[in-house]
Amino acid sequence: MTTPSRPSTGEEPEHLTQAARGRTGVDPLAARRTPGDPPWDVYLTGTVFLDIIFTGLDSAPVRGTESWARGMGSSPGGVANMAAALARLGLRTSLAAAFGDDHYGEYCWDALEQGEGIDLSASRTVPGWHSPVTVSMAYEGERTMVSHGHEPPPEEPAPDCPPRAVAAVASLTPGRGAPWVAQAARRGTRIFADVGWDDTGAWDLAGLTDLRHCEAFLPNAEEAMRYTRSDCPRAAAHALTRHVPVAVVTLGAEGAYAVDRRTGEDAEVPAIAVEALDPTGAGDVFVAGFVTGSLAGWPLADRLAFAGLTAALSVQEFGGSLSAPGWAEIGAWWREVQSVDAQDPAALDRYAFLEHLMPEEPVRPWPLRRAVPTIGFRHAV
């Protein structure tokens, strides 16, 4: 397709649903909500980083030299990428995380709770613990990261008693399970999972002990092929459905491929070509888009298309969490691509399922926060 270049006070689901709708202008789950629903659409737990992103580098930094970046941004990172992406798509999102007892932690807390409407009642600020930090350098469509932080303190919010939620997103760790995943699954929570690089080199699916509790697994092509000993990402997706009902394999510039064992569906959707400013957090935004479409009950191909669209829009902005698009951005993209001369009608038809959700007005219902060069400006009073 052608496209132009401080803790909360408890659970108030209806109030928060209205607040989220006010921010996003859209509730994608409106047609499926019932009075007996859990208070949260999605639950997350993990580590929040302060991300500092440099963009506009002509090449990777060279040893012994100084490189100047033409752009810089700061934003909450880590699990905050996923939380913000979900909240901006209109999902009631609850996050359990430890926050540093410093200006970085205060900034991240405010950005997520006040800025994005994310419930932090299961989170806490840990006295004397500093925020983990990641410096990300984006160049040539790729990124290089350097992180610093300490092991989360014992006082970190224990995720073994998650709140009731329709869904949860888990990041699987080889050789180590998370008790909260099984507990949430027993309550009927739908678990969506991604995974990081296996530093052990074992690439053993048996080591992903929580995979048996998951509804969907979303690795990238390299991870999927290594875990299944396949030489083709599409074959790897089919092999993964022996372990999880839905397998989604991201294919980079080629898009994504998915298989649903329960329905017999398989789908492949090409990527949307965009000029990428910063790919930080794009994978998290993809997962958030797929979760949104899944909870809304969309067909597999529509879920893939939506996930790819949200990820493509995110890489055109600085930062991970604050680059995630809301419905106003999606609506603006939809209006823009329809105005492109000689647009392929088939490409437009691929996204026509979203038309009834697009905000009527092109103006954002609220200004989305974006990553800023620095934090902690003193405001005049």
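The values are calculated or read from the model by the stated rules, or taken from the named source; none is laboratory data. On a predicted model such as this, the values are computed, not experimentally measured, just so you know. With ideal geometry, Cβ positions are generated from the backbone for all residues, glycine too; neighbour counts draw on all protein chains shown. The protein model used for the area step is the full one, side chains on, heavy atoms only, and it has no ligands, DNA or RNA in it. Shrake-Rupley method; radii C 1.70, N 1.55, O 1.52, S 1.80 Å.
Is one or more of the residues making up the range 330-343 charged (D, E, K, R), in a helix (DSSP H, G or I), more than 16 Å from Ala216 (Cα to Cα) and modelled with pLDDT under 95? So far as the range 330-343 goes, yes, one or more of its residues are charged (D, E, K, R), in a helix (DSSP H, G or I), more than 16 Å from Ala216 (Cα to Cα) and modelled with pLDDT under 95.
Taking the stated definitions as given, is Ala167 crowded, with 16+ Cβ neighbours inside 10 Å, hydrophobic (A, V, I, L, M, F, W, C) and modelled with pLDDT of 90 or more? Against the criterion (crowded, with 16+ Cβ neighbours inside 10 Å, hydrophobic (A, V, I, L, M, F, W, C) and modelled with pLDDT of 90 or more), Ala167 qualifies.
For the range 182-223, a tally of residues being of a type in the set (D, E, K, R), buried (at least 20 other Cβ atoms within 10 Å of the Cβ) and in contact with a Pro (Cβ under 8 Å, 6 or more places away or on another chain) returns 1. Among the residues of the range 309-329, those identified as in a helix (DSSP H, G or I) and modelled with pLDDT of 80 or more are Leu309, Thr310, Ala311, Ala312, Leu313, Ser314, Trp327, Ala328, Glu329. Taking Asp101 as the residue in question, decide whether it is charged (D, E, K, R) and buried (at least 22 other Cβ atoms within 10 Å of the Cβ). So Asp101 fails the test.
The requirement of being part of a loop (DSSP other than H, G, I, E, B), basic (Lys, Arg) and closer than 27 Å to Tyr351 by Cα is satisfied by Arg262. Taken over the range 118-153, the residue count meeting the criterion of being more than 13 Å from Gly78 (Cβ to Cβ), crowded, with 22+ Cβ neighbours inside 10 Å and not hydrophobic (A, V, I, L, M, F, W, C) is 1. Please tell me if Asp349 is over 17 Å from the mean Cα position of the chain (by Cα), assigned to a helix (DSSP H, G or I), modelled with pLDDT of 65 or more and buried (at least 19 other Cβ atoms within 10 Å of the Cβ). In short, no.
Conditions (1) within 14 Å of Phe99 (Cβ to Cβ); (2) at pLDDT 90 or above, marked per residue:
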| position | (1), (2) |
| --- | --- |
| Glu113 | yes, yes |
| Ser123 | yes, yes |
| Glu155 | yes, no |
| Trp180 | no, yes |
| Arg187 | no, yes |
| Asp198 | no, yes |
| Arg212 | no, yes |
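Note on the range 46-74: residues that are part of a strand (DSSP E or B), touching a Phe, Trp or Tyr at 6+ places or on another chain (Cβ under 7 Å) and open to solvent by less than 50 Å² (accessible area, probe 1.4 Å) amount to 6. Summed over the range 276-304, the residues that are among the aliphatic types (A, V, I, L, M), out of contact with any Pro (no Cβ under 7 Å at 6 or more places or on another chain) and either modelled with pLDDT under 95 or surrounded by fewer than 24 Cβ atoms within 10 Å (Cβ to Cβ) (or both) give a count of 7. Is there a residue being at pLDDT below 85, more than 20 Å from His148 (Cα to Cα) and not charged (D, E, K, R) anywhere in the range 75-88? No, every residue in the range 75-88 fails to be at pLDDT below 85, more than 20 Å from His148 (Cα to Cα) and not charged (D, E, K, R).
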